[in-house]
1. Which of the numbered conditions does GLY38 fail, given that it passes all the others? Conditions: (1) loosely packed, with under 15 Cβ neighbours inside 10 Å; (2) modelled with pLDDT of 80 or more; (3) under 17 Å from VAL107 (Cα atoms).
2. Any idea which residue in the stretch 109-149 is surrounded by the fewest Cβ atoms within 10 Å (Cβ to Cβ), counting only those that are among the small types (Gly, Ala, Ser) and under 18 Å from SER30 (Cβ atoms)?
3. Considering each residue of the stretch 49-86, count those that are over 15 Å from the mean Cα position of the chain (by Cα) and part of a loop (DSSP other than H, G, I, E, B), and give that number.
4. What are the residues in the stretch 47-99 that are of a type in the set (Phe, Trp, Tyr) and more than 19 Å from TRP131 (Cβ to Cβ), if any?
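The values are calculated or read from the model by the stated rules, or taken from the named source; none is laboratory data. Since the structure is predicted, the reported quantities are computational estimates derived from the model, not experimental observations. Glycine also receives a Cβ, built like all others from the backbone with ideal geometry; neighbour counts cover every protein chain displayed.
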Amino acid sequence: RVTGDYLLYLNPDCKIHPNAISIMIACLKSDSRLGMAGGLIQNSDGSEQIGCRRAVPTPWRSLVRVFHLSRLKNRFPHLFSDFNLHQQPLPEEPVEVEAISGACMLVSRTAYEDVGGLDENYFLHCEDLDWCMSFRKHNWKIMFVPDAKITHFQGACSRSRPLFVEWNKHKGMMRFYYKFFRHQYPLFLIWLVALGVWSRFGLLVCYFSGKRLLEHLKSLTWDAKPAALAVNERQN
């Protein structure tokens, strides 16, 4: 049961900087229709983490990203912009965005009781995007608060089980597209996105498999060198 006025969803590999939570709470208190806030998610080197603030990755925006069409955004900014916003100038004040990172999400209890919790049918990834979509569908605003800083030391699971993570990430992406966009976009576009998603996963399988094979061959080579050296010493 939720008893506090605000709920904080925080990844265990995050470090909250001083006053970050109070800054986000102050932002949510400024308007009764603000339901969710996220801070500036940083990498360990202090750079802004990809996905910290973003637009919703609609099927069209996803195709723009897959085919690198964002290079045309200077001529057609509304048509070919990327959904990740980390390359845009950092705002000086809190701004409304379509989605924030699930690494740190502060939610008002009123909004939570209206929207409900996270969709537990996602195993890994995309549940934060799903939740942001649900908040916006219930007319709650989502705020990016740049003065609230959080460092996210991500990557431990991704490094140890990359294919497992990528499989569930791509599976989550397809669930997200089908749940929210199957009635808004032509079926052929959804199929095209699915083709792009699973083609990308196939390429990643080839990459990680090839990398593992090379590492295995390298270890065999290094193991063989001491044996060859021992044989040469006996012959001498």
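1. Evaluating GLY38 over (1) loosely packed, with under 15 Cβ neighbours inside 10 Å; (2) modelled with pLDDT of 80 or more; (3) under 17 Å from VAL107 (Cα atoms) leaves (1) as the failure.
2. Within the stretch 109-149, the first condition is being among the small types (Gly, Ala, Ser), and the residues that meet it are 111, 116-117, 134, 148.
Of the ones still in play, those that are also under 18 Å from SER30 (Cβ atoms) are 111, 148.
Numbers: ALA111: 23, ALA148: 26.
The extreme case among them is ALA111.
3. Qualifying residue count for the region: 7.
4. Selection gives TRP60, PHE67, PHE76, PHE80.
Every residue, every condition in (1) modelled with pLDDT of 95 or more; (2) crowded, with 18+ Cβ neighbours inside 10 Å; (3) closer than 27 Å to THR110 by Cα; (4) not charged (D, E, K, R), yes or no:
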{"site": "VAL2", "(1), (2), (3), (4)": "no, no, yes, yes"}
{"site": "TYR6", "(1), (2), (3), (4)": "yes, yes, yes, yes"}
{"site": "ILE21", "(1), (2), (3), (4)": "yes, yes, yes, yes"}
{"site": "MET24", "(1), (2), (3), (4)": "yes, yes, yes, yes"}
{"site": "LEU28", "(1), (2), (3), (4)": "yes, yes, yes, yes"}
{"site": "GLY51", "(1), (2), (3), (4)": "no, yes, yes, yes"}
{"site": "THR58", "(1), (2), (3), (4)": "no, yes, no, yes"}
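Residues checked against (1) within 20 Å of the chain's Cα centre (by Cα); (2) of a type in the set (A, V, I, L, M, F, W, C); (3) closer than 22 Å to MET36 by Cβ:
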{"residue": "ASP128", "(1), (2), (3)": "yes, no, yes"}
{"residue": "HIS138", "(1), (2), (3)": "no, no, yes"}
{"residue": "GLY210", "(1), (2), (3)": "no, no, no"}
{"residue": "LEU214", "(1), (2), (3)": "no, yes, no"}
